[in-house]
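Reading through the structure tokens given below for one structure.
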Amino acid sequence: MHRVVALVHPVQSTFELGCAVEVFGTKRSEVPQHYEFEVCTQIPGPVPTTAGYDMFVSQGLSALDTADTVIIPGWLPVGDPLPGPVRSALLRAHARGARLVTICSGVFALAGTGLLDGRSATTHWARAEQLQREFPRVHVEPKRLYVDHGDVATSAGAGAGFDLCLHLVQRDYGAAYAAVLARHMVFPPHREGGRMQNAPPPPPGESLDDLFMWTEKRLGASLSVGELAARLGISRRTLARRFADQLGTSPGAWLLSQRVTAARTLLEETDLSVEAIATRVGLTSAVNLRRRFRAQAGTTPGAYRRAFREANHDPQDLS
């Protein structure tokens with residue numbers, strides 16, 4: 001069992017802590033439980049929260065000594081210095097192999113350990129300049145939803161914490177288990193960390209929404225980036241710029257991601273063969289689907305389907 005410990009700090013944000021609790025600490029009778037979840041703080045006792053109430057935390061920093069993953073779900077006020085005992089506990093945990101993860105402003109605490117020096121990190125876009133100013137040796141990427149280096153990981157604000165946590169679940173136990181968990185949370189499909197967290201609204205006439213709907217209905221066709229551009233009556237270069245500005249990705253990468261996402265849904269909800277699914281989503285062959293699926297989901301379509309059904313306690317294996 002993977003042990004996750006959240007390190008809380010007064011005044012603790014209830015939402016950021018809730019992200020970690022929902023993914024790692026909520027028991028669901030229909031879903032296998034792979035994580036143990038606990039909460040600790042520097043001085044056990046009442047911890048004030050942003051919601052106006054105190055929560056009682058009984059465990060101190062020693063809880064970090066046996067954690068596999070340590071989560072810092074926010075650090076408010078962000079200007080608070082990192083206390084020496086907390087810094088030492090985090091460095092000890094990291095030195096013995098624990099993964100250190102932050103949500104939103106929690107990156108300020110992690111940066112205080114020095115473990116982010118020379119590495120990229122992200123946080124809520126509104127705090128990115130302050131993070132860069134206070135920790136100039138950290139390469140701040142304010143547009144990213146999350147950044148994962150394996151031993152340390154940081155996320156932007158609010159919902160990006162869910163994205164990072166589900167990404168870690170996928171790393172730990174596979175894409176199928178993460179998909180089952182997201183479905184029970186009624187959470188949208190997993191977003192990659194490179195997606196933009198605060199893309200400005202597109203100028204009038206430059207929205208891609210109509211193109212998205214048009215493409216969704218035609219995934220089975222062999223669409224090209226040129227055809228997408230032609231649909232909008234613009235050049236490929238202009239289309240690439242709009243995708244970069246609005247999504248932080250390229251038209252080709254977005255189209256491939258949509259095809260793999262559609263394949264994942266068909267693997268979850270139908271008994272279609274891998275070959276048939278490849279045709280339906282425009283990946284032409286089972287070989288191509290397997291290659292693309294493995295690159296994005298880290299597993300094969302057949303293994304994904306089996307794991308998804310086992311996680312849902314489906315006694316039949318129809319893959």
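The values are calculated or read from the model by the stated rules, or taken from the named source; none is laboratory data. Predicted model, so just to flag it, every value in this text is computed and none were measured. So basically every Cβ, Gly included, is an ideal-geometry build from the backbone, and we count neighbours across all protein chains shown.
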- Task: Could you grab the pairs with beta carbons closer than 8 Å, sequence gap of 6+ or different chains, first residue in the range 31-51 and touching a residue at least 40 places away in the same chain (Cβ under 8 Å) and of a type outside the set (Lys, Arg), second one surrounded by 15 or more Cβ atoms within 10 Å (Cβ to Cβ) and in a loop (DSSP other than H, G, I, E, B)?
- Result: GLN42/HIS9; GLN42/GLY60; GLN42/PRO83
- Item | Residue ID - surrounded by the fewest Cβ atoms within 10 Å (Cβ to Cβ), chosen from residues in the range 122-149 that are in contact with a strand residue (DSSP E or B) (Cβ under 9 Å, 6 or more places away or on another chain) and under 17 Å from LEU91 (Cβ atoms) | HIS149
- Query: Is it fair to say PHE293 is within 26 Å of LEU168 (Cα to Cα) and modelled with pLDDT of 90 or more?
  - Reply: yes
- Restricted to the range 49-85 and to residues being aromatic (Phe, Trp, Tyr) and surrounded by fewer than 16 Cβ atoms within 10 Å (Cβ to Cβ), the residue nearest to HIS124 (Cα to Cα) is TYR53
- Message: within 11 Å of the chain's Cα centre (by Cα) and part of a strand (DSSP E or B): which single residue out of VAL101, VAL169, VAL147 fits that description?
- Response: VAL147
- Task: Taking the options VAL47, VAL70, VAL31, VAL21, name whichever one is of a type outside the set (D, E, K, R), closer than 23 Å to LEU166 by Cβ and either assigned to a strand (DSSP E or B) or not assigned by TED's automatic domain parsing to the domain that holds ALA178 (or both).
- Result: VAL70
- Task: Residue by residue through the range 243-280, note down the ones that are more than 24 Å from the chain's Cα centre (by Cα) and either assigned to a loop (DSSP other than H, G, I, E, B) or free of Cβ contacts under 8 Å to residues at least 60 places away in the same chain (or both).
- Result: THR270, ASP271, LEU272, SER273, VAL274, GLU275, ALA276, ILE277, ALA278, THR279
- Query: So which of VAL107, VAL5 is under 21 Å from the mean Cα position of the chain (by Cα), at pLDDT 95 or above, surrounded by 15 or more Cβ atoms within 10 Å (Cβ to Cβ) and within 23 Å of LEU181 (Cα to Cα)?
  - Reply: VAL5
